[in-house]
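Below: the structure, in structure tokens.
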Amino acid sequence: MKVLKFGGTSVGSVENMGNVKHIINDGHKKVVVLSAMSGTTNQLVSIAQDIDAGKLNDAIDKLNKLHETYFNTIDTLLSDALLNNDVKNYISSIFELLVECTYKDFSETIENQILAQGELLSTYMFNSYLKQEGIRASILPALNFMRIDAFKEPDIEYIKEHFENVLDNAEDSEIYITQGFICLDDEGHISNLQRGGSDYTATIIGAAIKAEEVQIWTDIDGMHNNDPRYVENTSAISNLSFEEAAELAYFGAKILHPQTVTPVRKDSIPVRLKNTMKPDAHGTLISKSTSGNGIKAIAAKDNITAIKIKSARMLQAHGFLKKVFEIFETYQTSIDMITTSEVAVSLTIDDDKNLDIILAELEKIASIEVDKNQSIVCLVGHSVVNHQDTYKLFQILQDVKIRMISYGGSKNNISLLIDSKDKINTLQKLNDYLFELVTL
Ligand code: ADP
Ligand code: ASP
Ligand code: MG
């Protein structure tokens, strides 16, 4: 069986839902993972922030507007009076629950409950739409099988067992629809796989059922060689290895959740990225095969904090790095990039929730310098560090102030740390020159 995931834009309008129907209605049984309609999760985040800040009237205003938007969509989507009525009742029950959340004491669980409603709405609507169109569909509730452990990692054994159970008990259907993004945590509270997490849901399910293929349908024709939100003249890459795709996703290519590739890599389950609005375009195939040489794609990750840890006694002081790493481990903060010299080590983090306490601990053993608002620019390609043209990178970037370089950590990746204000210029410069210099 294949797993097909459709993102926010793909289910964001009645017209696009029609495209999705055509794509999935090919006579083969499949699992279809849906995101919330585009804009909904952002709205829910903003409503949760209003509630947290005590701005209850603003929250209620936003809820009323969103409720109305959903009713309008249903009137266009569902001409069948019974289905129309049923879905409107469901939508109203969700919005009642959301209004109730405005009266409660705000907590992480309340926030997660608010954020989860977008996927519950889109799946219920789309399932009814397929029914209206005479397609045998049913919903597999994600909260009955999708679960993360105490380290926020998917609990694969639990998911496998419960997914099979849910599937066995579902009404026999052509299309099994489920919610992306949402899950339970290790204590059974509602949680999620972080923003953009529906991609991750799809590959987790793909791994659990050993799917033939996972397809991620979105609003662009596959992984581009640079970030199309900031750079002109980018183009789609037809093939990527798991390693290359994982690096790009982790280092900011928004088309994929950072962890998307992790669950399917071990079993080499291919992942295909496709455009819902242009289903005939080739898209990108992520698989175990490698192709091309040199720099294939560039991605950038923002909101990076760089920390320089300087100690005169670091030289020949074995155990110094261990002490440094232990501090980051204690405060569950992962390190992205690292460079060392005789007297200092520079490293970067993207989660600065525990920055103050980490700095306080580090100051006990070294002197510290912190630079915020940094971006990691990541250049990815098969064996990119060995390519004969890679040196030209430094000529191209001679005017850019590079704060750190990581070269050789993996043969497929070169990472540069720069000030975020230089990011767009750097990406465009690399785009203009690099892809002409290398053999793809
Ligand atoms: P969905 O809602 O379908 O999950 P996303 O907005 O999460 O879609 O991801 C698709 C978007 O990712 C594209 O519209 C594009 O703007 C952005 N993007 C960023 N980097 C890349 C890249 N390297 N290749 C393709 N798209 C990218
Ligand atoms: N709806 C969620 C979000 O906007 C999950 C997703 O779209 O993948 O982050
Ligand atoms: Mg996404």
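The values are calculated or read from the model by the stated rules, or taken from the named source; none is laboratory data. Everything numeric here is computed off the predicted structure, so don't read it as measured data. Counting neighbours? That spans all protein chains shown, and the Cβs are built from the backbone with ideal geometry, glycine included. Side chains are part of the model used for accessible areas, which takes the heavy atoms of the whole protein and leaves out ligands, DNA and RNA. Shrake-Rupley method; radii C 1.70, N 1.55, O 1.52, S 1.80 Å.
Structure notes:
- Meets criteria (away from ligand 1 (no atom under 16 Å from the Cβ), assigned to a loop (DSSP other than H, G, I, E, B), more than 21 Å from Ile139 (Cβ to Cβ) and small (Gly, Ala, Ser)) for Gly27: no
- So Lys65, is it in contact with a helix residue (DSSP H, G or I) (Cβ under 7 Å, 6 or more places away or on another chain) and among the charged types (D, E, K, R): no
- Subset of the stretch 273-328 [of a type in the set (Asp, Glu) and part of a strand (DSSP E or B)]: Asp302
- Residues of the stretch 128-153 satisfying the condition of being of a type outside the set (A, V, I, L, M), surrounded by fewer than 23 Cβ atoms within 10 Å (Cβ to Cβ) and not in a loop (DSSP other than H, G, I, E, B): Ser128, Lys131, Gln132, Ser138, Asn144, Arg147
For (1) of a type in the set (A, V, I, L, M); (2) part of a strand (DSSP E or B); (3) within 16 Å of ligand 3 (Cβ to nearest atom), each residue gets a yes or a no:
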position: Ile216; (1), (2), (3): yes, yes, yes
position: Gly222; (1), (2), (3): no, no, yes
position: Val231; (1), (2), (3): yes, no, no
position: Glu244; (1), (2), (3): no, no, no
position: Leu248; (1), (2), (3): yes, no, yes
position: Leu256; (1), (2), (3): yes, no, yes
position: Thr260; (1), (2), (3): no, no, yes
position: Val264; (1), (2), (3): yes, no, no
position: Ser268; (1), (2), (3): no, no, no
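- Residues of the stretch 205-229 that are among the β-branched types (Val, Ile, Thr), near ligand 1 (Cβ under 9 Å from one of its atoms) and open to solvent by less than 20 Å² (accessible area, probe 1.4 Å): Ile216 alone.
- Extreme residue, nearest to ligand 1 (Cβ to nearest atom), among residues of the stretch 1-24 that are open to solvent by less than 10 Å² (accessible area, probe 1.4 Å), closer than 18 Å to Arg272 by Cβ and under 22 Å from the mean Cα position of the chain (by Cα): Gly7
- Looking only at residues in the stretch 154-202 that are within 16 Å of ligand 3 (Cβ to nearest atom) and over 22 Å from Asn127 (Cα atoms), the one that is surrounded by the most Cβ atoms within 10 Å (Cβ to Cβ) is Leu193.
- Residue check, Ile110 away from ligand 2 (no atom under 15 Å from the Cβ), part of a helix (DSSP H, G or I), more than 27 Å from Gly206 (Cβ to Cβ) and not charged (D, E, K, R): yes
- Output for the stretch 1-24, where each listed residue is assigned to a loop (DSSP other than H, G, I, E, B) and away from ligand 3 (no atom under 16 Å from the Cβ): Met1, Ser13
- Residues in the stretch 230-249 that are under 20 Å from Thr426 (Cα atoms), surrounded by 22 or more Cβ atoms within 10 Å (Cβ to Cβ) and either more than 10 Å from ligand 1 (Cβ to nearest atom) or free of Cβ contacts under 8 Å to residues at least 60 places away in the same chain (or both): Glu247, Ala249.
- Taking residues in the stretch 97-123 that are free of Cβ contacts under 8 Å to residues at least 24 places away in the same chain, and partners anywhere that are open to solvent by less than 40 Å² (accessible area, probe 1.4 Å), the pairs with Cβ atoms closer than 7 Å and at least 6 places apart or on different chains are Lys104/Ile110.
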